[in-house]
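Every number here is computed from the coordinates shown, using simple stated rules; none is lab data. Remember, predicted model here, so these are calculated numbers, not experimental data. Positions of Cβ are generated from backbone atoms using ideal geometry, with glycine treated the same way; all protein chains shown enter the neighbour counts.
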Amino acid sequence: MSYRGRFAPSPTGPLHAGSLVSALASFLDARAHGGRWIVRIEDVDAPRTVSGAADEILATLDHFGMHSDEPPVWQSERGAAYAAAFARLQATGLIYPCGCTRREIADSLVNAHARHATLAYPGTCRNGLHGKPARAWRLRVPDGDATIVTFEDRWQGTQTQNLATEVGDFALKRADGLWAYQLAVVVDDADAGITHVVRGADLLDSTARQIYLQECLGVPTPAYLHVPVVNNDIGEKLSKQTGAAPLDRNAPLGALVEAARHLGIDVPAGSLDTFYSAATAEWAKRFAR
Ligand code: GLU
């Protein structure tokens, strides 16, 4: 197997201490395996994309000594690949149009108080639009035990999700006409031959959907490793919305040492070269299998 990993930032703002942890973990895992590391700019969600943010992220990664081994992939240039995958699923009858508004879905949810981050879509439009115009397009999730997805996360251990009860049929094309993140990420990982996905634990909840979608499309499932997210002082995940400060491009080492520490790796700050070789060696002891 030749290892291919990736870091897939959404260009909604500059890199911060939280996104640096995901970048570093994916980079160290690739280096520890002697593999390739590829940056993908996840700008499929055009309305959330901030102009200039992608270039800023790429420049920061460069200053921090993390260079994509191949030219970065831009989701905004991959519409044809998403459309082709969508058409294949459509041809097998796995996709149906949905006319529900968010409000209607919320109103009809039987388990609206379930603890899960994603509330299951109740399947209202499975057998027809009932005269409503099509808004989104959803992928059918089978009922029963076939819907239970189990995978071994290299950091978090065994994970199980019942797609039917916890997620329901999920959107691949959104009501605003954009491709959904779940479709884009699965098609991109498959086309890039990604063998190992290393990212933040906030995406743990999406992984079962992605594995099911890989099965529907007949593409391989990569290995997954989800690193703990970085929280701010009041326990919220660091993000632009929760006030994360942008990384200082001219002071990479302190931030890198801090990010490594979050990953349980204690290495002294020396030069970028000594940092990366020590951190890679530490990571390899834990994860190079
Ligand atoms: N673009 C996503 C983010 O920035 C990451 C997606 C992924 O790694 O699969 O949170």
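Give me the dipole magnitude in Debye, nearest 20, for the range 144-235 about the Cα centre, with unit charges on the beta carbon: positive for Lys and Arg, negative for Asp and Glu.
Values: 5 positive and 13 negative charges, 22 e Å.
The dipole magnitude comes to about 100 debye.
Where in the range 167-181 does the amide nitrogen come within less than 20 Å of the point 7 Å from the Cα of Arg126, taken along Cα to Cβ?
So the set is 167-173.
Using a ≥ b ≥ c from the Cα gyration tensor of the chain (square roots of the eigenvalues), is it rounded, prolate or oblate, where a/c under 1.5 gives rounded and otherwise the larger of a/b and b/c decides, a/b for prolate?
prolate
Could you tell me how many degrees, from 0 to 90 and to the nearest 10, lie between the Cα long axis of helix 204-217 and the main elongation axis, the longest principal axis, of the Cα atoms of the chain?
The angle comes out at about 60 degrees.
Rounded to the nearest 500 deg cm²/dmol, what is the calculated helix-only ellipticity per residue at 222 nm for the chain, with -39500 (n - 2.57) per DSSP H run of length n ≥ 4?
Rounded to the nearest 500, the figure is -11000 deg cm²/dmol.
Could you tell me which of rounded, prolate or oblate describes the range 213-289, using a ≥ b ≥ c as the square roots of the eigenvalues of the alpha-carbon gyration tensor, with rounded for a/c under 1.5 and, failing that, prolate when a/b is larger than b/c and oblate otherwise?
Judged from the Cα gyration tensor, the range 213-289 comes out oblate (a/c at least 1.5, b/c at or above a/b).
Please compute the contact order of the chain in relative form: average sequence separation of alpha-carbon pairs under 8 Å and at least six residues apart, divided by the residue count, as a percent. Present the calculation step by step, with values, prior to reporting the outcome.
Working: 481 pairs, mean separation 71.6, N = 289.
It rounds to 25 percent for the chain.
Output the antiparallel fraction of DSSP beta bridges having both residues in the chain, as a percent to the nearest 5.
Once the DSSP bridges in the chain are tallied, antiparallel ones form about 55 percent.
Taking +1 at the Cβ of each Lys and Arg and -1 at the Cβ of each Asp and Glu, which of Pro246, Ala278, Pro220 sits farthest along the dipole of the range 171-289 towards its positive end, judged by Cα position relative to the Cα centre?
The residue sitting most towards the positive pole is Pro220.
Under a Cβ-Cβ limit of 4.7 Å, which cysteines in the chain have nobody to pair with?
Cys with no partner Cβ under 4.7 Å: Cys100, Cys216.
Less than 14 Å apart at the alpha-carbon level, and either on another chain or at least 8 residues along: which aspartates and glutamates does that give for Lys173?
Correct list for Lys173: Asp45.
Return the single residue from Ala245, Ala81, Ala146 with maximal mean-square fluctuation; model: Gaussian network over the chain, springs between Cα atoms under 10 Å.
Ala146
Angle, helix 17-32 long axis vs. longest principal axis of the chain, Cα atoms, 0 to 90°, nearest 10?
80
With +1 on each Lys and Arg Cβ and -1 on each Asp and Glu Cβ, and nothing else charged, work out how big the dipole of the chain is about its Cα centre, in Debye to the nearest 20.
Values: 28 positive and 32 negative charges, 126 e Å.
Approximately 600 debye in magnitude.
Mean-square fluctuation check for the chain, GNM, Cα pairs under 10 Å: which of His130, His63, His196 is largest?
His130
On a 0 to 90° scale, report how tilted helix 252-262 is relative to the longest principal axis of the chain, with both axes built from alpha carbons and the result rounded to the nearest 10.
Helix 252-262 and the main axis of the chain meet at about 60 degrees.
Can you find, among Ala80, Gly18, Ile105, the residue sitting farthest towards the positive end of the charge dipole of the chain, where Lys and Arg contribute +1 and Asp and Glu -1 at Cβ?
Checked the options; the winner is Ile105.
Might you report the magnitude of the Cβ-based charge dipole of the range 207-289 about its Cα centre, with Lys and Arg at +1 and Asp and Glu at -1, to the nearest 20 debye?
Computed charge dipole of the range 207-289: roughly 220 debye.
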